[in-house]
Each structure stands twice: as C-alpha cells, then as structure tokens.
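Structure first, commentary second.
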C-alpha cells in the first residue's frame, strides 16, 4: 500500500480511478483555523463547488467562539453543514437562524447578499465547532438572481445504511435517496460514515466527483488516503472506497458551470462583475443586516 503525494496528478490511460489528490492549506481566521481544500492551485472547482473549507474541530472557552462580522457575497450559494456546535446566521434579508449539526443552511447570494456568522447558544459554555463551509457557483443565467435563504432541519435530510455505511444525501440523488435541498444545477453532496473494513461504491456518473476524508483512512485502488485529503476521480471511472479505519467522508460533485473568477467573497463569470461588487461594498451600496453595526472592510 502506498500514499499519494498532495496535488499529484495521477490520471492517465494506465492509471486507476483517481485523477488528482488535493492537500488543503491551513488558513487562520482569527478565532480558529480552517483547512481550505478548494480552490487549490491545481484544481479550482469540482462540479459547481468552488470553495470548500473544513472548519475545526475547534474548542472554545466560555465567552469565546466564532465571530465573523457582516460581509458580502455575489454569484454563489453557500452551504453550511455542521458536525458539532452551533452558528448563528443573520443576513440583510432579515433571516436569523441557528445552524445545528446535521441541518443544511443554503444561502443564495445571486446579485448580492450580506450575512454574519457568530457563536450560537453555546457561547457561555465550553463549546466545540466542527463542520464544512462550501460554496456553489451559480450557473450563468442565475448569477444575478434575487438573494434567498433556505434552512433544512437535520430530520429532513434523507439517510440510510448501506453495507454498514451510514449515508446522508445533502444535495442531489444517490443510493436511492433524493434530497429536498434546492439545487441550481446538477449537484451531488453526500456525507458517509464508514466503519473499519466497510466498502462503498461511489455513484456511477460522468459528472465530476471527489471524496474528502474528514477523518480516518480510505483506500482507493490499493492506495491510502489520510484524513484531510481530497481525491478527485477520473471522469467516467468506477470508484470504490475501502475504510482502513473508522472513517468520515464527504462526497462532492456535479456538472461544471463553466469558468469562474473568485476574489474574496465574490464569484462571477466576468471580472467586471467582481469589480462592480467591490465598488458597491466599498461605497456602502449593499443593504445592512438588522441589529448588526460592524462589517468587514474590503481587503486592500
């Protein structure tokens, strides 16, 4: 058994089922650090997914916690999915929502939205935060759609056990499950928990697909992938996961939406649209969040 090196392209006519391995970069957000997987130097997107952060696990003492001040987005939809902890979402549409483990928070920026992410009801206790923050680029005809917010409680996410593997389909259809979570283009987002020795055949698809190992060790084609790595599959090839230890895996993918530019919190098919959003934020042309007085300035 061997380990692939980070960001090593391995897909050719004689290779196995994996095209590329992505090793995340640690990013310090102040209160805690995240592991940023997408965008990476060698792979900007997987399907419509243009941003993928693994938050935590982080522990906070009483009175401390995540405090992300109001900031803007355009051209994307954010998906917040927690394994532990709580985040309080507020936006300039007036929505206030506690995000808890297993629930799906879908915020559509479209032509522009502002939101904050702060500690939840566990602020005054010793607390933990662990989860995934991801962004999906909107297709061309929806880049400037009206902003929107949807919240799906944990009990509404379809789940099943398959060969000992616990599966939750967060977005899309797979394993005879269909998620109610809205999608703007063909998208797949799945959580899998595999006990040691279990196997899981990934959905057969000619769409782009990748597996991110949250924890544990997964073997693919007799190669081992450690926690914190993302394995991007070769198009059209069958992929089987084998759990070397108890493992937690997130699957992401779908149809590509085309080339996208990303700068700070803005995603767009044109640089001109990003320049406009930068000017709008700097000049205060985004709506305020009720009850919030702070904001993150436009970076230099």
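Is it fair to say residue 118 is over 24 Å from residue 273 (Cβ atoms), in contact with a strand residue (DSSP E or B) (Cβ under 8 Å, 6 or more places away or on another chain), in a strand (DSSP E or B) and free of Cβ contacts under 8 Å to residues at least 60 places away in the same chain?
Values: over 24 Å from residue 273 (Cβ atoms): yes; in contact with a strand residue (DSSP E or B) (Cβ under 8 Å, 6 or more places away or on another chain): yes; in a strand (DSSP E or B): yes; free of Cβ contacts under 8 Å to residues at least 60 places away in the same chain: yes.
When the stated conditions are applied, residue 118 passes them.
Just to be sure, is residue 68 buried (at least 20 other Cβ atoms within 10 Å of the Cβ), farther than 20 Å from residue 153 by Cβ and touching a residue at least 40 places away in the same chain (Cβ under 8 Å)?
On the way: buried (at least 20 other Cβ atoms within 10 Å of the Cβ): no; farther than 20 Å from residue 153 by Cβ: yes; touching a residue at least 40 places away in the same chain (Cβ under 8 Å): yes.
Answer is no for this residue.
Scan the range 198-219 for residues that are in a strand (DSSP E or B) and over 22 Å from the mean Cα position of the chain (by Cα) and jot them down. Give the steps one after another, and end with the answer.
Quick first cut of the range 198-219, residues in a strand (DSSP E or B) only: 199-201, 208-215, 217-219.
Those that are in a strand (DSSP E or B) and over 22 Å from the mean Cα position of the chain (by Cα): 199, 219.
Which residue out of 169, 214 is buried (at least 20 other Cβ atoms within 10 Å of the Cβ) and free of Cβ contacts under 8 Å to residues at least 24 places away in the same chain? Steps first, please.
Values: 214 fails: free of Cβ contacts under 8 Å to residues at least 24 places away in the same chain.
Unique residue meeting the criteria: 169.
Condition check ((1) buried (at least 21 other Cβ atoms within 10 Å of the Cβ); (2) under 12 Å from the mean Cα position of the chain (by Cα); (3) not in a strand (DSSP E or B)) across all residues:
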position: 26; (1), (2), (3): no, no, no
position: 52; (1), (2), (3): yes, yes, no
position: 107; (1), (2), (3): yes, no, no
position: 114; (1), (2), (3): yes, no, no
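Is it fair to say residue 112 is in contact with a helix residue (DSSP H, G or I) (Cβ under 8 Å, 6 or more places away or on another chain) and at pLDDT 95 or above? Spell out how you get there, then give the answer.
Numbers: in contact with a helix residue (DSSP H, G or I) (Cβ under 8 Å, 6 or more places away or on another chain): yes; at pLDDT 95 or above: yes.
Here the answer is yes, as residue 112 does meet what is asked.
With the checklist (1) loosely packed, with under 14 Cβ neighbours inside 10 Å; (2) at pLDDT below 95; (3) more than 20 Å from residue 67 (Cα to Cα) in hand, flag the one item residue 205 doesn't pass.
(1)
Let's see how each residue does on (1) in contact with a strand residue (DSSP E or B) (Cβ under 8 Å, 6 or more places away or on another chain); (2) closer than 29 Å to residue 174 by Cα:
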site	(1), (2)
247	yes, yes
251	yes, yes
255	yes, yes
261	yes, no
266	yes, no
275	no, no
293	no, no
298	no, no
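Checking residue 156 against (1) at pLDDT below 95; (2) under 13 Å from residue 103 (Cβ atoms): exactly one of these is not met. Which one?
(1)
Before we move on, is residue 194 without any contact (Cβ under 8 Å) to a residue 60 or more places away in the chain and either surrounded by 15 or more Cβ atoms within 10 Å (Cβ to Cβ) or touching a helix residue (DSSP H, G or I) at 6+ places or on another chain (Cβ under 9 Å) (or both)? Please lay out each step first, then the result.
Numbers: without any contact (Cβ under 8 Å) to a residue 60 or more places away in the chain: yes; either surrounded by 15 or more Cβ atoms within 10 Å (Cβ to Cβ) or touching a helix residue (DSSP H, G or I) at 6+ places or on another chain (Cβ under 9 Å) (or both): yes.
Against the criterion (without any contact (Cβ under 8 Å) to a residue 60 or more places away in the chain and either surrounded by 15 or more Cβ atoms within 10 Å (Cβ to Cβ) or touching a helix residue (DSSP H, G or I) at 6+ places or on another chain (Cβ under 9 Å) (or both)), residue 194 qualifies.
Which residues, taken from the range 82-95, are assigned to a strand (DSSP E or B) and closer than 23 Å to residue 62 by Cα? Working first, answer last.
First, pick out the residues of the range 82-95 that are assigned to a strand (DSSP E or B): 82-84, 87-91.
If the condition is that a residue be assigned to a strand (DSSP E or B) and closer than 23 Å to residue 62 by Cα, then 82, 83, 84, 87, 88, 89, 90 are the ones that fit.
Would you list the strands (runs of 3 or more DSSP E) that sit entirely within the range 230-300 and hold 1 or more residues that are farther than 27 Å from residue 102 by Cβ?
Once the strands (runs of 3 or more DSSP E) in the range 230-300 are filtered for at least 1 residues that are farther than 27 Å from residue 102 by Cβ, what remains is 261-263, 266-268.
From 102, 56, grab the single residue that is at pLDDT below 95 and crowded, with 17+ Cβ neighbours inside 10 Å. Give the steps one after another, and end with the answer.
Details: 102 fails: at pLDDT below 95.
Only one candidate passes the filter, namely 56.
The values are calculated or read from the model by the stated rules, or taken from the named source; none is laboratory data. Remember, predicted model here, so these are calculated numbers, not experimental data. Cβ coordinates were reconstructed from backbone atoms using ideal geometry, including for glycine residues, and neighbour counts include every protein chain displayed.
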